[in-house]
Structures are given as structure tokens and as C-alpha cells.
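Report on the following structure.
The values are calculated or read from the model by the stated rules, or taken from the named source; none is laboratory data. Since the model is a prediction, treat every value here as computed from it, not as a measurement. Quick reminder, even Gly has a Cβ in these numbers, built from the backbone with ideal geometry, and neighbours come from all protein chains shown.
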Amino acid sequence: MSREQSLILMLDAAAKMQWNIALILEAKAIEAEKVRNWTLNHLNGETFVTHGDQVAEPLKMHEQLVEMLEGLTRMETGLCNNLKAVMIQDEGGDSGGMDGGMFGGMDLGDIGK
């Protein structure tokens, strides 16, 4: 397998991973909407015994959301670094960059052939 084919397979895998991440985020958005609706309907001032409990419970929910977002950010940063490694032009200028060097003058329409 040539270098160009290997790089194309890497980019294809990265695109498929991004698609799966989009599906995960869509499912998370639906889940978050359900949690929001449940929270609005079931949690109010009378639900909690003390004011501290009233503050602590929403903070737990926010911490979980922040942890999820941080995990997604780390994952996307890793994917971005992988794509940068593929796209960076070599010092010799024979492959890499966005100027067509990575595909060696290959027509991208020929990928599926």
C-alpha cells in the first residue's frame, strides 16, 4: 500500500470517528433535554431540606457536564493532533501539506477507483 493510500485511509478513519462522535453528541443532547425536563418538573425549593442541599445537587449535575465536555475536548484535541501530523508538509517538500503534496498530484476524484 502506498503512502498516499495509507494517508487516505487514515483520513477516512478520522472522518468516520467524527461521524460517530456527532452521533454520540446528538444522543447526549437528547439525554440532556430529558434531564432538563425532569429537573424542571421535579426539583424545586420544597424538594430540598436545606439551602446547602439545594445548591449541592445542581453543582453535581454541572460537574458531570463539565467532565463530559473536558473528555470530549481532550478527544478532539487528540484527533486534531493526528490530522495535523498527516497534513504537515515534510521538510523535503515531497509530501504532506495542503498544497497538494500529500496526495502527490493525485486527483481526489480517483480515490474510489
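Details
- In the range 7-31, of all residues being free of Cβ contacts under 8 Å to residues at least 60 places away in the same chain and in contact with a helix residue (DSSP H, G or I) (Cβ under 8 Å, 6 or more places away or on another chain), the one that is nearest to ILE88 (Cα to Cα) corresponds to ILE21.
Quick grid of which residues meet (1) part of a loop (DSSP other than H, G, I, E, B); (2) modelled with pLDDT of 90 or more:
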site	(1), (2)
LEU11	no, no
ALA22	no, yes
CYS80	no, no
MET98	yes, no
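- Test for MET87: is it modelled with pLDDT under 80 and in contact with a Leu (Cβ under 8 Å, 6 or more places away or on another chain): no
- Of all residues in the range 14-52, those satisfying the criterion of being over 31 Å from the mean Cα position of the chain (by Cα) and either closer than 20 Å to VAL66 by Cβ or surrounded by 10 or more Cβ atoms within 10 Å (Cβ to Cβ) (or both) are LEU43, ASN44, THR47, PHE48.
- Where VAL55 falls short, out of the listed (1) surrounded by 10 or more Cβ atoms within 10 Å (Cβ to Cβ); (2) modelled with pLDDT under 85; (3) more than 27 Å from the chain's Cα centre (by Cα): (2)
- Selection status of LYS16, of a type outside the set (A, V, I, L, M, F, W, C), under 17 Å from ASN82 (Cβ atoms) and in a helix (DSSP H, G or I): yes
- From the list MET61, MET68, the lone residue that is assigned to a helix (DSSP H, G or I), in contact (Cβ under 8 Å) with a residue 40 or more places away in the chain and either loosely packed, with under 11 Cβ neighbours inside 10 Å or not aromatic (Phe, Trp, Tyr) (or both) is MET68.
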